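The values are calculated or read from the model by the stated rules, or taken from the named source; none is laboratory data. Just so you know, these numbers come straight off a predicted model, no measurement behind them. So basically every Cβ, Gly included, is an ideal-geometry build from the backbone, and we count neighbours across all protein chains shown.
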Amino acid sequence: MLTHINESGRAKMVDVGEKGETLRIATARGRIKMLPETFDRIMNGGVKKGDVLAVAQVAGVMGAKRTSDLVPMCHPIFLTGVDLTFTPDEAAAAIEIEAVARTVGRTGVEMEALTAVTTAALTIYDMVKAMDRTMVIDEIKLVQKSGGKSGDFVLEAE
């Protein structure tokens, strides 16, 4: 049964009013691949617009906070924490982005973690698109979540 569909077959926001508040944590990951020259400039501070990863960090947090404004059936939630890490992969000329979102609430933070990763990747793209329009944002996925009625989830190793 689809929870976001009403009896008339139309979209609805799920009522979470009867759910108990629990600690909920979600981790998402994604990558942005680019030309080696672009990767080197990001890693070595050679981008005129500034520190790309510092800006992407802030953008990711802001994206998580605005998730319910972007995803129609997503509940506005009180985030207790959002953090992002960036792991450079020089061999692949890529940056792996990981976001962890936390709340104590009645609904999960999976969408917030995924939005944080996506917003950070888009910000990296935006800051260096003048030098590299071949960048690819991919592999965005939920890798772990805990809390709530549905319990824990861990993505199987690929």
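Which one is surrounded by the most Cβ atoms within 10 Å (Cβ to Cβ), of the residues in the stretch 15-32 that are under 11 Å from Gly147 (Cα atoms) and within 23 Å of the chain's Cα centre (by Cα)?
The first filter runs over the stretch 15-32 and keeps only residues under 11 Å from Gly147 (Cα atoms), leaving 20-26.
From the residues that got through so far, the ones that are within 23 Å of the chain's Cα centre (by Cα) too are 21-26.
Details: Glu21: 13, Thr22: 15, Leu23: 12, Arg24: 22, Ile25: 19, Ala26: 25.
It comes out as Ala26.
Per the conditions (1) surrounded by fewer than 13 Cβ atoms within 10 Å (Cβ to Cβ); (2) among the aliphatic types (A, V, I, L, M); (3) over 16 Å from Glu112 (Cβ atoms); (4) out of contact with any strand residue (DSSP E or B) (no Cβ under 9 Å at 6 or more places or on another chain), the sole criterion not satisfied by Ala11 is (4).
The residues of the stretch 119-142 that are under 11 Å from the mean Cα position of the chain (by Cα) and either at pLDDT below 95 or surrounded by fewer than 20 Cβ atoms within 10 Å (Cβ to Cβ) (or both), listed by number, are Leu122, Ile140, Lys141, Leu142. The single condition among (1) exposed (fewer than 13 other Cβ atoms within 10 Å of the Cβ); (2) at pLDDT 95 or above; (3) over 13 Å from the mean Cα position of the chain (by Cα) that Leu70 does not satisfy is (3). For the stretch 33-43, the set of residues classified as outside any helix (DSSP H, G or I) and surrounded by fewer than 16 Cβ atoms within 10 Å (Cβ to Cβ) consists of Leu35 only. Across the stretch 21-68, the number of residues qualifying as within 16 Å of Met111 (Cα to Cα) and in contact with a Pro (Cβ under 8 Å, 6 or more places away or on another chain) comes to 1. Glu90 falls short of the stated requirement of being within 11 Å of the chain's Cα centre (by Cα) and in contact (Cβ under 8 Å) with a residue 40 or more places away in the chain.
Filtering Gly46, Gly30, Gly20 for residues that are modelled with pLDDT of 95 or more and either in a helix (DSSP H, G or I) or not hydrophobic (A, V, I, L, M, F, W, C) (or both) leaves a single hit, Gly30.
Test Gly147 against the criterion of being within 15 Å of Arg24 (Cβ to Cβ) and surrounded by 21 or more Cβ atoms within 10 Å (Cβ to Cβ), and give yes or no.
Working: within 15 Å of Arg24 (Cβ to Cβ): yes; surrounded by 21 or more Cβ atoms within 10 Å (Cβ to Cβ): no.
When the stated conditions are applied, Gly147 does not pass them.
When Phe78 is tested against the conditions (1) out of contact with any Gly (no Cβ under 8 Å at 6 or more places or on another chain); (2) without any contact (Cβ under 8 Å) to a residue 40 or more places away in the chain; (3) of a type in the set (Phe, Trp, Tyr), the lone failure is (1). The set of residues from the stretch 73-96 being of a type outside the set (D, E, K, R) and surrounded by fewer than 12 Cβ atoms within 10 Å (Cβ to Cβ) comprises Pro76, Phe78, Thr87, Ala91.
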